[in-house]
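*Asks:* The following block contains the structure, expressed as structure tokens.
The values are calculated or read from the model by the stated rules, or taken from the named source; none is laboratory data. Because the structure is a prediction, the values reported are computed rather than measured. Reconstructed Cβ throughout: ideal geometry from the backbone, glycine too, with neighbour counts over all protein chains shown. These accessible areas exclude ligands, DNA and RNA; they are computed on the full protein's heavy atoms, side chains included. Shrake-Rupley method; radii C 1.70, N 1.55, O 1.52, S 1.80 Å.
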Amino acid sequence: MSHRIHPSILNADLARLDDEIRRIPSADGVHLDVMDNHFVPNLTIGLPVIESIRAAHPDRFLDIHLMITDADRFAPAYAELGCESVTFHIEASDAPIRTARTLRGLGSKAAVGLRPQTPIEPLADFITEFDMVLIMTVDPGFGGQSFLADMLPKIRRTREIVARTGQDIWIQVDGGVAESTLDQCIDAGANVFVAGSAVFRAEDPDAMVRGLAAQAGARCPAH
């Protein structure tokens, strides 16, 4: 199981966003949080900013995390920009299978996100519609929150469900991911890690990315 580090720009200097993305060349992807002040109590960036980032960084893996209402309506536009992965929340979707298939049809990985209180079990029968499942390990909306260790059993259950499919479905964790919590997430079965504060508040963000990647590789080497 290969591991990926996707730093979140939520804790970067948004006034210098282009420069901040260039500070993490070792990252496997850039995690971009889109919030609408409705689904979560915060307002960040939207489609025009993502479009500019796509143009400025055509070779970067853009991991879009939509924390917005009416996800079925808006998610496809991010795939149309050429973003490699688009995550929408199951709580904001009335037609998750249709939306996932639309995203895949547009060439993007289709990913589904779950708030801490949302169980994984109802998704078991159609989890193969997704390329990635995002387990939130904080309440979505703000960076810098403490890791919710209560989510580790949920990550394990998700890994068990995915394993039964025999398919390569990534399991991503987002919230409080740092050197001190990474091993727990790996042991539970996650393999894509969104680190925000740990990376962009470090003296050398790219050194932190490389350190997290090395820690993940040492904990569970890819095979």
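*Asks:* Out of Gly82, Thr69, Leu134, whose Cα points farthest toward the positive end of the dipole of segment 50-193 (charges: +1 Lys, Arg; -1 Asp, Glu; placed on Cβ)?
*Replies:* Towards the positive end, the residue furthest out is Gly82.
*Asks:* Label segment 163-223 by shape, choosing from rounded, prolate and oblate, from the square roots a ≥ b ≥ c of the eigenvalues of the Cα gyration tensor; if a/c is under 1.5 it is rounded, and otherwise prolate applies when a/b is larger than b/c, oblate when it is not.
*Replies:* Values: a/c = 2.37, a/b = 1.87, b/c = 1.27.
The shape class here is prolate.
*Asks:* Then there is this: By how many nm would the segment from Asn37 to His57 lengthen if fully extended, with 0.36 nm per residue of separation less the alpha-carbon distance? Before the final figure, lay out each step's value.
*Replies:* Numbers: separation 20, 0.36 × 20 = 7.20 nm, distance 2.68 nm.
Contour length minus the Cα-Cα distance gives 4.5 nm.
*Asks:* What number, in percent, do you get for the relative contact order of the chain if the mean sequence gap of Cα pairs under 8 Å and at least 6 apart is divided by its residue count?
*Replies:* 23
*Asks:* Sorting Arg201, Arg23 by accessible area (1.4 Å probe), largest first, what list results?
*Replies:* Numbers: Arg201 165, Arg23 90 Å².
Final ranking, largest accessible area leading: Arg201, Arg23.
*Asks:* Here's something else I'd like to know. Considering only protein heavy atoms and a probe of 1.4 Å, how much of the accessible area of the chain is carbon and sulfur, as a whole percent?
*Replies:* On the way: 4600 of 9400 Å².
Result for the chain: 49 percent of the exposed heavy-atom area is carbon or sulfur.
*Asks:* How much net charge surrounds Leu148 when only the other residues with a Cβ under 13 Å from the Cβ of Leu148 are counted, with Lys and Arg +1 and Asp and Glu -1?
*Replies:* On the way: positive: Arg115, Lys154; negative: Asp139, Asp150, Asp174.
The answer is -1.
*Asks:* Can you check what the net charge comes to around Met136, using other residues whose Cβ is under 13 Å from the Cβ of Met136 (Lys, Arg +1; Asp, Glu -1)? Mind dumping the intermediate values first?
*Replies:* On the way: positive: Arg115, Lys154; negative: Asp33, Glu91, Asp139, Asp150, Asp174.
Neighbour charge sum, excluding Met136 itself: -3.
*Asks:* Alpha carbon centre of segment 146-223 versus segment 42-70: separation in Å?
*Replies:* So the two Cα centres are separated by 22 Å.
*Asks:* With +1 on the Cβ of every Lys and Arg and -1 on the Cβ of every Asp and Glu, and nothing else charged, how large is the dipole of the chain about its Cα centre, in debye rounded to the nearest 20? It would help to have the intermediate numbers written out before the result.
*Replies:* On the way: 20 positive and 31 negative charges, 79 e Å.
So the dipole magnitude of the chain works out to roughly 380 debye.
*Asks:* Right, here's the next one. Can you list the residues of segment 189-211 with backbone N under 15 Å from a point 7 Å past the Cα of Ser26, pointing along Cα to Cβ?
*Replies:* What the label zone holds, given the 15 Å backbone N cut-off, is 195, 198-211.
*Asks:* Using a 1.4 Å probe, how large is the accessible area of Met208, given in Å² and rounded to the nearest 10?
*Replies:* 40
*Asks:* Which residues does the label zone of Arg98 cover in segment 49-70, counting backbone N under 19 Å from a point 7 Å along Cα→Cβ?
*Replies:* 68-70
*Asks:* What distance in nm separates the simple spin-label points at Thr69 and Leu47, each placed 7 Å from Cα in the Cβ direction?
*Replies:* 1.8
*Asks:* Right, here's the next one. In whole percent, what relative contact order does segment 53-100 give with Cα contacts below 8 Å and a gap of six or more residues?
*Replies:* Numbers: 56 pairs, mean separation 20.0, N = 48.
Contact order relative to length: 42 percent.
*Asks:* Quick one: among Gly175, Gly29, Gly105, which has the greatest mean-square fluctuation in a GNM of the chain with alpha-carbon springs under 10 angstrom?
*Replies:* Looking only at Gly175, Gly29, Gly105, the largest GNM fluctuation is found for Gly105.
*Asks:* Then there is this: What residue among His89, His57, His65 shows peak mean-square fluctuation when the chain is described by a Gaussian network model with Cα springs under 10 Å?
*Replies:* Among His89, His57, His65, the largest GNM mean-square fluctuation belongs to His57.
*Asks:* Rule-of-thumb check for the chain: C-alpha Rg over 2.2 N^0.38 Å?
*Replies:* On the way: Rg = 15.9 Å, N = 223, 2.2 N^0.38 = 17.2 Å.
Ratio of Rg to 2.2 N^0.38 Å for the chain: 0.93.
*Asks:* Follow-up. With the other protein chains left in place, how much accessible area per residue, in square angstrom, belongs to the chain at a 1.4 angstrom probe?
*Replies:* Values: 9400 Å² over 223 residues.
Result: 42 Å² of accessible area for each residue.
*Asks:* For Ala77 paired with Arg201, estimate the spin-label separation in nm (one decimal), with each label point 7 Å from Cα along the Cα-to-Cβ line.
*Replies:* Output for this residue pair reads 3.2 nm.
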